[in-house]
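The values are calculated or read from the model by the stated rules, or taken from the named source; none is laboratory data. A quick note: this is a predicted structure, and the numbers were derived from the prediction, not measured. No Cβ is skipped: glycine too gets one built from the backbone with ideal geometry, and neighbour counts run over all protein chains shown. Each accessible area value is taken on the protein alone, full model and side chains, heavy atoms only, with ligands, DNA and RNA left out. Shrake-Rupley method; radii C 1.70, N 1.55, O 1.52, S 1.80 Å.
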Amino acid sequence: MPTTTLRESGAARTYHRSTMNIQYFLELYEAGYRDFVGIQLAGVDLAHHILVEVNLSRSSLKGANLSRSFLTQAILDGAKANWANFSFAKMSKASLVGADLTKASLRGAFLVQADLYNAQLSGADLCYVNLRNANLRGANLCGVNLSGANLRGANLREANLAWAHLTGVRLSGADLDRTCLAAVNLEGAWLNGVDLSGLDLSGVNLKDAKLNGANLDHANLSAANLSHTTMRGVSMVGANLHNANLTGAVMWHGNLDQVNLSCADLTRAHLGEASLRSACVEGTEFTESVLPTEARAYLYATVQGETRWTRRSAKETLDHSMFIDRLLT
């Protein structure tokens, strides 16, 4: 059975990691001990306790209750904490590298600048969690609920967010390079200035999202829901918006050069002073949209086909749009 020897006033005290009494654990912590690597704390109740800088690497915390505990700068690398409760815990600058947090609750937890590199978080509850400037590179976040979370400036490179709920999440300044966003729900998300270039966002729900100044160059947004999104100054050069829903979207000053808008719905969309050079507009719905006068001749020369939305000719819907020279301020 694994043991750890502690030194106290020259005398040796030994405890068995697999049989650690919770009260004894807390007494040792209060006495100044911080290194509890590999300790067995599955199912224990440590709610509201102060455990700042504790080292619980490779420990078993399955089903443990650490809600509202103070774990600032704690080390939980490789810990088994699936089904654990960390709701509203203070965990800024904590290290959870490779930790197993599958199905864990971190609702409302404070994890600013925490390190969750390669952590396993599939199915976890991360509603309203604060992960500002946290490292989530390579983390498995498949199916997590991140509704209302703060991920500003977070590193999400190569992370798996497939099927995640990201409604109302704040992602401004986040690094999403090579992040998997398959079938995510980003309704109402804040993505201002975020680089989403080249990502596969096909079928993604971005309704009411904020994408001002975002980079969507060469992104795949086919069949995506972009209705009522705000995308002022967005760059979508070469993006694929085939069959996308852009109803009521605002794309003032956007760069949509070479974008594929075939079969897209631009009903009541606002593209004032946007650039549409070499855009594909076969079967595009333009009813009541606002378009730049500069693009008028090109659009009428290239628009063709029937729209799938109203079954009218695309050119007829273009006749029911409005062309403006510049935006009124």
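Residue-wise test of (1) within 19 Å of Lys207 (Cβ to Cβ); (2) in contact with a helix residue (DSSP H, G or I) (Cβ under 8 Å, 6 or more places away or on another chain); (3) of a type in the set (A, V, I, L, M, F, W, C); (4) at pLDDT 95 or above.
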site: Gln258; (1), (2), (3), (4): no, no, no, yes
site: Asp265; (1), (2), (3), (4): yes, no, no, yes
site: Arg268; (1), (2), (3), (4): yes, no, no, yes
site: Phe286; (1), (2), (3), (4): no, yes, yes, yes
site: Leu291; (1), (2), (3), (4): no, yes, yes, yes
site: Thr317; (1), (2), (3), (4): no, no, no, yes
Any residue that is open to solvent by less than 70 Å² (accessible area, probe 1.4 Å), assigned to a loop (DSSP other than H, G, I, E, B), under 19 Å from Asp217 (Cβ atoms) and among the hydroxyl-bearing types (Ser, Thr, Tyr) - is there at least one of those in region 262-278? yes
Those residues that are open to solvent by less than 60 Å² (accessible area, probe 1.4 Å) and of a type outside the set (Ser, Thr, Tyr), I need them from region 20-41; list them, please. Met20, Ile22, Phe25, Leu26, Leu28, Gly32, Phe36, Val37, Gly38, Ile39, Leu41
Quick check: is even one residue across region 193-211 open to solvent by less than 40 Å² (accessible area, probe 1.4 Å) and farther than 28 Å from Arg152 by Cβ? no
Count - residues of region 251-280 that are of a type in the set (D, E, K, R), out of contact with any Ser or Thr (no Cβ under 9 Å at 6 or more places or on another chain) and under 14 Å from Leu318 (Cβ atoms): 0
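What about Asn243, is it in contact with a Cys (Cβ under 9 Å, 6 or more places away or on another chain), under 19 Å from Asn185 (Cα atoms) and surrounded by fewer than 24 Cβ atoms within 10 Å (Cβ to Cβ)? Walk me through it before giving the result.
Numbers: in contact with a Cys (Cβ under 9 Å, 6 or more places away or on another chain): yes; under 19 Å from Asn185 (Cα atoms): yes; surrounded by fewer than 24 Cβ atoms within 10 Å (Cβ to Cβ): yes.
So Asn243 passes the test.
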Restricting attention to region 123-166, which residues are among the hydroxyl-bearing types (Ser, Thr, Tyr) and surrounded by fewer than 21 Cβ atoms within 10 Å (Cβ to Cβ)? Tyr128
So which residues in region 75-97 are over 15 Å from Ala47 (Cα atoms) and either among the basic types (Lys, Arg) or open to solvent by less than 40 Å² (accessible area, probe 1.4 Å) (or both)? Leu76, Gly78, Ala79, Lys80, Asn82, Ser92, Lys93, Ala94, Ser95, Leu96
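Is it fair to say Leu66 is buried (at least 24 other Cβ atoms within 10 Å of the Cβ), within 16 Å of Leu111 (Cβ to Cβ) and over 24 Å from the mean Cα position of the chain (by Cα)?
Answer is yes for this residue.
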Restricting to region 217-238, count the residues that are among the hydrophobic types (A, V, I, L, M, F, W, C) and under 16 Å from Leu271 (Cα atoms). 5
Counting only residues that are under 22 Å from Gly188 (Cα atoms) and open to solvent by less than 30 Å² (accessible area, probe 1.4 Å), how many does region 100-122 have? 3
Scan region 212-226 for residues that are within 22 Å of His165 (Cβ to Cβ), open to solvent by 10 Å² or more (accessible area, probe 1.4 Å) and of a type in the set (Gly, Ala, Ser) and jot them down. Ser222, Ala223
Restricting attention to region 313-329, which residues are touching a residue at least 24 places away in the same chain (Cβ under 8 Å) and not in a helix (DSSP H, G or I)? His320, Ser321, Met322, Phe323, Ile324, Asp325, Arg326, Leu327
List pairs: first residue in region 164-182 and under 20 Å from Asp125 (Cβ atoms) and in contact (Cβ under 8 Å) with a residue 40 or more places away in the chain, second residue among the hydroxyl-bearing types (Ser, Thr, Tyr) and open to solvent by 10 Å² or more (accessible area, probe 1.4 Å) anywhere in the structure, Cβ distance under 7 angstrom, at least six positions apart or on different chains. none
Can you tell me which residue within region 279-304, out of those that are in a loop (DSSP other than H, G, I, E, B) and without any contact (Cβ under 8 Å) to a residue 24 or more places away in the chain, is surrounded by the fewest Cβ atoms within 10 Å (Cβ to Cβ)? Val303
